[in-house]
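Data first, discussion second: the structure below is written as structure tokens.
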Amino acid sequence: MSNILDINLAAEGEKKINWAARNMPILSAICKSFEETKPFKGIKVTLSVHLEAKTAYLCRVLAAGGAEMYVTGSNPLSTQDDVAAALATGGLEVFAHHGCTMEEYEADLRAALSCGPNIVIDDGGDLVHLLHTEMTDLLPNVIGGCEETTTGINRLKAMDARGELRFPMVMVNEADCKHLFDNRYGTGQSVWDGINRTTNLIVAGKYVVVSGYGWCGKGVAMRAKGLGAKVIVTEVDPVRAIEAHMDGFEVMSMEKAAPLGDIFVTVTGCCDIITKEHFLVMKDGAILCNAGHFDVEVDIAGLRELAEQQYDARRNIVGYVLSNGRQVFVLAEGRLVNIAAGDGHPAEIMDMSFAIQALSAKYLVENRTQLCPGVLNVPYEIDRSVAFKKLETLGVSIDTLTKKQLDYLGE
């Protein structure tokens with residue numbers, strides 16, 4: 001039985017899903033194939049991904065393939081209630097609403113898992129964590145799963161290294177057609193969409209501090225530069241620091257960057273990136289936001305302890321007045337700014353990522369008797385097929401190696 005905010009919001013959510021579907025041609029082609037072959041007939045799928053229009057379309061594609069879908073969000077602020085209503089109206093079981101407490105969020109995760117899923121599609125690792133801790137009785141039902149994010153894969157690799165992972169998990173984020181485009185171009189655009197629509201302030205001429213120079217950080221820094229910002233990168237990895245330097249950005253420690261930045265974007269996947277010592281030296285009016293999966297990168301609890309006053313400065317912006325009289329502003333409670341204060345990645349980008357998800361789930365079902373527990377790469381053939389389908393949708397053709405060239409390369 002679904003647990004959503006208001007079923008009457010479904011009509012508006014349906015418009016959003018239709019718009020996303022119109023701009024996701026790869027997933028639409030997969031949907032047609034799934035309708036004919038029904039690869040998920042008799043399969044229960046529990047999905048925990050940011051519950052907005054692109055995710056909803058993925059859910060419908062899996063359902064078209066015969067899956068019995070149980071859907072929840074992967075962040076308390078990322079669920080769009082009209083989209084959740086549209087999915088529930090269409091017969092899927094949905095457990096999510098925007099702005100839920102952590103207790104409600106965790107209850108929704110448990111409700112989505114209570115069906116005893118055969119496939120789990122995770123975003124951050126919360127489903128897998130619950131299955132291996134509180135709901136271990138459901139483990140025998142699980143064929144395997146897919147993980148969407150860097151953060152989730154880090155958790156999975158740690159479990160696998162300890163010998164704790166009880167079923168195969170496909171590392172969707174490691175696919176080239178995911179991280180090279182979703183993490184870089186998707187995050188780059190959607191983060192600035194969230195910041196700009198929330199603040200209504202100019203970026204050009206300001207100092208933007210980007211913490212972390214992985215694929216997501218590269219995208220955020222690149223788009224900040226394109227908007228006219230002076231970009232500073234903070235890193236702990238020496239190779240990535242050199243890369244940021246050679247890409248034309250200033251590289252320094254957060255201690256040095258804190259007094260300089262006008263806008264701070266954390267995108268590391270780690271905790272305590274911006275802490276009390278940094279807040280106290282920031283400019284009056286500094287803006288802080290996070291694009292990492294969990295709300296642990298900006299120390300909001302520490303900021304509250306320092307603040308003499310806090311107030312709602314604008315929708316999704318909280319102002320904190322410090323003892324030195326300066327104010328700093330936090331967007332979207334320090335949660336994912338691109339989804340908690342925006343609509344997430346563009347549909348054309350998620351078309352590739354969710355195509356990888358759908359085909360990886362199909363791979364797990366078809367190869368269930370051959371796969372062992374642990375983390376798995378997305379099969380090369382799946383990654384390559386999605387790339388070719390993307391080129392086709394773009395109207396782009398490329399060369400093909402001749403037999404002579406293949407022989408020369410030893411292939």
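The values are calculated or read from the model by the stated rules, or taken from the named source; none is laboratory data. Remember, predicted model here, so these are calculated numbers, not experimental data. Every residue, glycine among them, receives a Cβ derived from its backbone with ideal geometry; neighbour counts consider all protein chains shown. Surface accessibility is based on the protein's heavy atoms, side chains included, excluding ligands, DNA and RNA. Shrake-Rupley method; radii C 1.70, N 1.55, O 1.52, S 1.80 Å.
State all residues of the range 391-411 that are surrounded by 11 or more Cβ atoms within 10 Å (Cβ to Cβ) and either over 30 Å from residue 122 (Cα atoms) or touching a helix residue (DSSP H, G or I) at 6+ places or on another chain (Cβ under 6 Å) (or both); if no residue qualifies, say none.
393, 401, 405, 406
Could you identify the single residue in 320, 363 that is hydroxyl-bearing (Ser, Thr, Tyr) and in contact with a Pro (Cβ under 7 Å, 6 or more places away or on another chain)?
Only one candidate qualifies: 363.
Each row is one residue, and each column tells you yes or no for (1) modelled with pLDDT of 95 or more; (2) under 20 Å from the mean Cα position of the chain (by Cα); (3) under 30 Å from residue 315 (Cα atoms).
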position: 62; (1), (2), (3): yes, yes, no
position: 111; (1), (2), (3): yes, no, no
position: 116; (1), (2), (3): yes, no, no
position: 131; (1), (2), (3): yes, no, no
position: 137; (1), (2), (3): yes, no, no
position: 151; (1), (2), (3): no, yes, yes
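Identify all residues within the range 167-191 that are open to solvent by less than 20 Å² (accessible area, probe 1.4 Å), out of contact with any Lys or Arg (no Cβ under 8 Å at 6 or more places or on another chain), in contact (Cβ under 8 Å) with a residue 40 or more places away in the chain and not acidic (Asp, Glu); write none if there are none.
167, 168, 169, 170, 171, 175, 178, 186, 187, 190, listed by residue number.
Being surrounded by 19 or more Cβ atoms within 10 Å (Cβ to Cβ) and small (Gly, Ala, Ser) is the filter; apply it to the range 132-166 and report the residue that is farthest from residue 73 (Cα to Cα).
Top of the filtered list is 144.
Scanning for something in contact with a His (Cβ under 8 Å, 6 or more places away or on another chain) and either among the hydrophobic types (A, V, I, L, M, F, W, C) or at pLDDT 95 or above (or both), does the range 40-47 turn up at least one residue?
The answer is no; no qualifying residue exists.
Out of contact with any His (no Cβ under 8 Å at 6 or more places or on another chain), touching a residue at least 40 places away in the same chain (Cβ under 8 Å) and not acidic (Asp, Glu), is that true of residue 347?
Considered against the rule, which asks whether it is out of contact with any His (no Cβ under 8 Å at 6 or more places or on another chain), touching a residue at least 40 places away in the same chain (Cβ under 8 Å) and not acidic (Asp, Glu), residue 347 comes out as yes.
Would you list the helices (runs of 4 or more DSSP H) that sit entirely within the range 1-111 and hold 1 or more residues that are aromatic (Phe, Trp, Tyr)?
The qualifying helices (runs of 4 or more DSSP H) are 10-22, 25-37, 53-64.
Only one of (1) closer than 19 Å to residue 192 by Cβ; (2) within 21 Å of the chain's Cα centre (by Cα); (3) open to solvent by 20 Å² or more (accessible area, probe 1.4 Å); (4) not hydroxyl-bearing (Ser, Thr, Tyr) is not met by residue 292, so which one is it?
Only one criterion is unmet by residue 292, namely (3).
Considering only the range 318-373, state which residues are outside any helix (DSSP H, G or I), more than 22 Å from residue 307 (Cα to Cα) and in contact with an Asp or Glu (Cβ under 7 Å, 6 or more places away or on another chain).
Listed by number, the residues that qualify are 342, 343, 344, 345.
Scan the range 263-273 and tell me whether some residue there is within 17 Å of residue 206 (Cβ to Cβ), touching a residue at least 40 places away in the same chain (Cβ under 8 Å) and surrounded by fewer than 19 Cβ atoms within 10 Å (Cβ to Cβ).
no
State the number of residues belonging to the range 109-129 that are open to solvent by 10 Å² or more (accessible area, probe 1.4 Å) and either more than 20 Å from residue 42 (Cα to Cα) or aromatic (Phe, Trp, Tyr) (or both).
Residues that pass the stated criteria total 3.
Output the qualifying pairs, or none if there are none: Cβ atoms under 8 angstrom, residues six or more apart or on different chains, first residue in the range 88-114 and free of Cβ contacts under 8 Å to residues at least 60 places away in the same chain and among the β-branched types (Val, Ile, Thr), second residue open to solvent by less than 20 Å² (accessible area, probe 1.4 Å) and in a loop (DSSP other than H, G, I, E, B).
Listed by first residue and then by second, the contacts come to 101/76.
Residue by residue through the range 22-50, note down the ones that are open to solvent by 50 Å² or more (accessible area, probe 1.4 Å) and under 27 Å from residue 105 (Cβ atoms).
44
Which of the numbered conditions does residue 206 fail, given that it passes all the others? Conditions: (1) open to solvent by 10 Å² or more (accessible area, probe 1.4 Å); (2) within 20 Å of the chain's Cα centre (by Cα); (3) modelled with pLDDT of 95 or more; (4) not β-branched (Val, Ile, Thr).
Result: residue 206 fails condition (2) only.
Name the residues in the range 295-309 that are in a loop (DSSP other than H, G, I, E, B) and either open to solvent by 50 Å² or more (accessible area, probe 1.4 Å) or at positive phi (or both), would you?
Matches in the range 295-309: 295, 296, 308.
Based on this model, can you work out whether residue 282 counts as at pLDDT 95 or above, among the aliphatic types (A, V, I, L, M) and surrounded by fewer than 22 Cβ atoms within 10 Å (Cβ to Cβ)?
In short, no.
Checking the structure you have, find out if any residue of the range 210-220 is over 24 Å from residue 196 (Cα atoms), of a type outside the set (Val, Ile, Thr) and modelled with pLDDT of 95 or more.
no
I'd like the full set of residues that are open to solvent by 70 Å² or more (accessible area, probe 1.4 Å) and under 13 Å from residue 346 (Cβ atoms), limited to the range 8-21.
19
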